[in-house]
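The values are calculated or read from the model by the stated rules, or taken from the named source; none is laboratory data. Bear in mind the structure is a predicted one, so any value in this text is a computation, not a measurement. Cβ sites come from the backbone with ideal geometry, for glycine too, and all protein chains shown count toward neighbours. Heads up: the accessible areas ignore ligands, DNA and RNA and are worked out on the full protein's heavy atoms, side chains in. Shrake-Rupley method; radii C 1.70, N 1.55, O 1.52, S 1.80 Å.
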Amino acid sequence: MRRVAVVGVGQSKFGELWDKGFRDIVLEAGREALEDADLEGKEIEAIFVGNMSGGRYLGQEHIAALIADYAGLAEFGIPATRVEAADASGGLAVRQAYMAVASGMHDIVIAAGAEKVTDVGDPMEILSASVDIEWERFVGGNLPALYAIIARLHMETFGTTEEDLALVSVKNHKNGALNPKAQFRREIRVEDVLNSPYIAEPLKLLDCASVSDGAAAVILASEDVARKITDTPVFIEACTQASDYLALQSRKDILTMKSVVKAAREAYRIADVEPKDIQVAEVHDSFTIAEILAYEDLGFAEKGRGAELIREGVTEIGGKIPVNPSGGLKACGHAVGATGVRQIVELTLQLRGEAGKRQVDAERGLALNIGGTGATAVVSILRR
């Protein structure tokens, strides 16, 4: 296996992009990544595209071929592959691109992710297709409802409070206010979260990430190629994937995402590090309880003590391990297929020292991208 580095990153703004089409936002991210790497399209050898539901959001299938076409790469005949794993589609696209380079199959590839959701009436309804339709969704178990069950049990078992959940949202909005490409660039207060309406008790409106439009792209290259392209390569030390039961009812413990635990342990083993060696993280905070679970399942805190990290400011910018300096899904927005790629964009900027006002001091970072309620997890560890 060859070492693989990120040599170029690009991202569109996330949000309700009414004035832009799917092609526009993908080209914006891809063009920015190529310019960042100082490469031309003809130098790219393969494309992997994370996209959850183009067929339902856009009425468009064959997404990878469409992107290759409008990116001007179809004339070169390079392979373009769509990758789907619900919310984890972007992270899995990065993993597929990583393996293509690490294996020696290709030297320079693009991993991209994109979703355009504002053209349909209820984007969350489509996103909730990531759960078990027959045994959960059919009886009302959409994503907010299922995460609410997890949150309620965490509260009853470990004493986590609604104020703890609110602190996650407040932190991520504070960070998002510093991110020029975030959907919500404004700070909020704990009382704002607590006074927002319930979506699925105990989760309120401001405990939930919005589903948004957006695209992100990263260019990966083998080590020898990367060192010719850039003076600041960011190496992917590990990129792992694991699965869990689709329905919560099938799991022995719904307060532990087994997929996250397994993928994280494997990533730590491959990178030869421990949780304490991670200095910045981008985690999947589709709901505030998901970030607290991530603290625990990634090994940053013991099970049941995740809320202590947010209470004590450990995960703030300037804390021991800043989490979601981008604003996370909560403030940056959740462009489903793009989220996992955007996390890698953010970590790359952080490790290069190019994150502007939200910059943290770190040499190694971790990204966690999950699908649905954790049936799929992708963990990546990067180092400058």
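So that you can scan it fast, the table gives a plain yes or no per residue for (1) within 30 Å of residue 43 (Cβ to Cβ); (2) in the same structural domain as residue 342 (by TED's automatic domain parsing); (3) aliphatic (A, V, I, L, M); (4) open to solvent by 10 Å² or more (accessible area, probe 1.4 Å):
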site	(1), (2), (3), (4)
219	yes, no, yes, no
260	no, yes, yes, no
290	no, yes, yes, no
304	no, yes, no, yes
309	no, yes, yes, yes
Show the residue pairs that are 6+ apart or on different chains and have beta-carbon atoms under 7 Å apart, the first residue being within the stretch 249-270 and under 20 Å from residue 149 (Cα atoms), the second being open to solvent by 70 Å² or more (accessible area, probe 1.4 Å) and at pLDDT below 95.
249/135
Test residue 280 against the stated conditions and say whether it is open to solvent by 10 Å² or more (accessible area, probe 1.4 Å) and either closer than 16 Å to residue 166 by Cα or in the same structural domain as residue 342 (by TED's automatic domain parsing) (or both).
no
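Report, by residue number, each residue of the stretch 48-58 that is buried (at least 17 other Cβ atoms within 10 Å of the Cβ) and in contact with an Asp or Glu (Cβ under 8 Å, 6 or more places away or on another chain).
Within the stretch 48-58, the subset buried (at least 17 other Cβ atoms within 10 Å of the Cβ) is 48-54, 57-58.
Correct list: 50, 51, 52, 53, 54, 57, 58.
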Looking at (1) in contact with a His (Cβ under 9 Å, 6 or more places away or on another chain); (2) among the aliphatic types (A, V, I, L, M); (3) farther than 28 Å from residue 138 by Cα, find the lone condition where residue 298 falls short.
(1)
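Is one or more of the residues making up the stretch 131-153 open to solvent by 70 Å² or more (accessible area, probe 1.4 Å), modelled with pLDDT of 95 or more and of a type outside the set (Asp, Glu)? Before the answer, list the steps.
Of the residues in the stretch 131-153, the ones open to solvent by 70 Å² or more (accessible area, probe 1.4 Å) are 133-135, 138-139, 149, 152.
With the extra rule that they be modelled with pLDDT of 95 or more, the set shrinks to 149, 152.
From the residues that got through so far, the ones that are of a type outside the set (Asp, Glu) too are 149, 152.
Among the residues of the stretch 131-153, at least one is open to solvent by 70 Å² or more (accessible area, probe 1.4 Å), modelled with pLDDT of 95 or more and of a type outside the set (Asp, Glu), which makes the answer yes.
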What tally of residues in the stretch 97-124 results from selecting those that are under 18 Å from residue 338 (Cα atoms), of a type in the set (A, V, I, L, M) and not in a loop (DSSP other than H, G, I, E, B)?
7
Of all residues in the stretch 113-128, count the ones that are within 15 Å of residue 56 (Cβ to Cβ), open to solvent by less than 40 Å² (accessible area, probe 1.4 Å) and within 21 Å of the chain's Cα centre (by Cα).
9
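Test residue 247 against the stated conditions and say whether it is under 30 Å from residue 196 (Cβ atoms) and either at pLDDT below 95 or aromatic (Phe, Trp, Tyr) (or both).
Working: under 30 Å from residue 196 (Cβ atoms): yes; either at pLDDT below 95 or aromatic (Phe, Trp, Tyr) (or both): yes.
Judged against the criteria, residue 247 is a match.
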What do you reckon, is residue 95 touching a Cys at 6+ places or on another chain (Cβ under 9 Å), under 25 Å from residue 373 (Cα atoms) and of a type in the set (D, E, K, R)?
yes
Exactly one of 61, 45 is at pLDDT below 95 and either open to solvent by 10 Å² or more (accessible area, probe 1.4 Å) or closer than 20 Å to residue 370 by Cα (or both), and that residue is 61
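Among the residues of the stretch 183-211, count how many are farther than 20 Å from residue 112 by Cα and not in a loop (DSSP other than H, G, I, E, B).
Quick first cut of the stretch 183-211, residues farther than 20 Å from residue 112 by Cα only: 184-210.
Now restrict to residues that are not in a loop (DSSP other than H, G, I, E, B): 190-195, 198-200, 203-208.
Qualifying residue count for the region: 15.
Determine which member of the set 73, 27, 34 is at pLDDT below 90 and open to solvent by less than 60 Å² (accessible area, probe 1.4 Å). So that I can check it myself, show each step before the final result.
Numbers: 27 fails: at pLDDT below 90; 34 fails: at pLDDT below 90.
Of the residues listed, the single one that is at pLDDT below 90 and open to solvent by less than 60 Å² (accessible area, probe 1.4 Å) is 73.
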Out of the residues in the stretch 293-332 that are assigned to a loop (DSSP other than H, G, I, E, B) and among the hydrophobic types (A, V, I, L, M, F, W, C), which is farthest from residue 345 (Cα to Cα)?
301
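Can you name the strands (runs of 3 or more DSSP E) wholly within the stretch 212-290 that have at least 3 residues being under 28 Å from residue 319 (Cα atoms)? Lay out the reasoning, then the answer.
Numbers: elements: 214-222, 234-243, 280-282.
Fully inside the stretch 212-290 and qualifying: 234-243, 280-282.
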